[in-house]
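See structure below.
The values are calculated or read from the model by the stated rules, or taken from the named source; none is laboratory data. Computed from a prediction, not measured in an experiment: that's the story for all the values here. We place every Cβ from the backbone using ideal geometry, glycine too, and count neighbours over all the protein chains shown. Ligands, DNA and RNA are excluded from the accessible area calculation, which covers all protein heavy atoms including side chains. Shrake-Rupley method; radii C 1.70, N 1.55, O 1.52, S 1.80 Å.
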Amino acid sequence: MESGPDSLFVTLLLLLHSSHSESERFEVLGPTDTILAVAGDDIILPCYLKPNISAEDMTVDWLNLDFKDGRVYRYQNRKIIREDQIPSYIGRTSLFEEELWRGNTSLKLSRVQGTDEGHYKCFIKAKSWDHDLIIQVLVKAVGSKPVVSIEGHREGGMGLLCESEGWHPEPELVWLNSKGVHLFAGPPEIHRDFKGFYTVKQHVIVQETDTNRFTCRVQQSQINEKMETEVHLPSELFDTTPLRMAFIVLCCLGAAGDSHVNTGDSLFFLSAGVIIDELKLQPVNLMTLPIPVAG
């Protein structure tokens, strides 16, 4: 076995390489529990190195694995790389760059929106070593108080429409009578906007009851939240005779004040939080109606 200068040099190189590789070994640590984020808030996704070595010369990648091309943020060669970033994250993500020297690679995510929900990977790469961590984020958004519109007479009763927006995750809408019994309604219409928030609406036809009170409830069981609106329909609304409908028009005009807009056979007005929307009225000539005379 050779023991000359060349052999000693090779041995020193191997020792230096081994020492350097060992010094680069690290773990990526962070929370094991799911992070629940409230829509509109700023959140921090914790991620750090153990031991607390500097990450300033490493590559820090944050990915949302629920996206096909899921780059949320990249730091490399001591600068931010903006190419291939998911467009919805532009301007809303940052690292604590002043903390990189001690291994803090946490991500700050501002103005949380519905599309931010998913599984995030914090991936750290040094020259000869890499490690990663997966964090799950759930987004919670409680939507608006349901708005109930009276659509007018329909076959079988009075048509109502309920609508609520700004929910996450996707909510459920139900109609109830005054006893809390579910009413049979049409299929819900659900729309998701570009920020990932849901709008839900549903039509129902109700018949006259002893109370004429009906409730629209929008609920989300995963986040244990609900919003509801109760409406009371005057019995006169269920009467379609011309004289009764003329009475409704006059009452509506008096109650609505400046809030009403009369558009021919449609009447729009707000009263006690309920929107009567496009109430289809039969053509009535008020001048031909009998006027009671005091005797």
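Summary of computed values
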{"item": "Any hit, region 152-161, residues being free of Cβ contacts under 8 Å to residues at least 60 places away in the same chain, more than 30 Å from residue 27 (Cβ to Cβ), open to solvent by 60 Å² or more (accessible area, probe 1.4 Å) and of a type outside the set (S, T, N, Q)", "result": "yes"}
{"item": "Some residue of region 230-240 being modelled with pLDDT of 95 or more and more than 21 Å from residue 153 (Cβ to Cβ)", "result": "yes"}
{"item": "Flag if residue 124 is modelled with pLDDT under 95 and in contact with a strand residue (DSSP E or B) (Cβ under 7 Å, 6 or more places away or on another chain)", "result": "no"}
{"item": "Breaking point among (1) surrounded by 15 or more Cβ atoms within 10 Å (Cβ to Cβ); (2) farther than 17 Å from residue 156 by Cα, for residue 224", "result": "(1)"}
{"item": "Residue satisfying all of: in region 137-150; of a type in the set (Gly, Ala, Ser) and outside any loop (DSSP other than H, G, I, E, B); farthest from residue 197 (Cα to Cα) among these", "result": "149"}
{"item": "Selection count where residues are more than 24 Å from residue 137 (Cα to Cα) and either part of a loop (DSSP other than H, G, I, E, B) or open to solvent by 20 Å² or more (accessible area, probe 1.4 Å) (or both), scope region 163-178", "result": "3"}
{"item": "Condition broken by residue 181, with the remaining ones in (1) of a type outside the set (Asp, Glu); (2) more than 30 Å from residue 25 (Cβ to Cβ); (3) surrounded by 14 or more Cβ atoms within 10 Å (Cβ to Cβ) satisfied", "result": "(3)"}
{"item": "Residue in region 184-204 that is over 26 Å from the mean Cα position of the chain (by Cα) and in contact (Cβ under 8 Å) with a residue 24 or more places away in the chain present", "result": "no"}
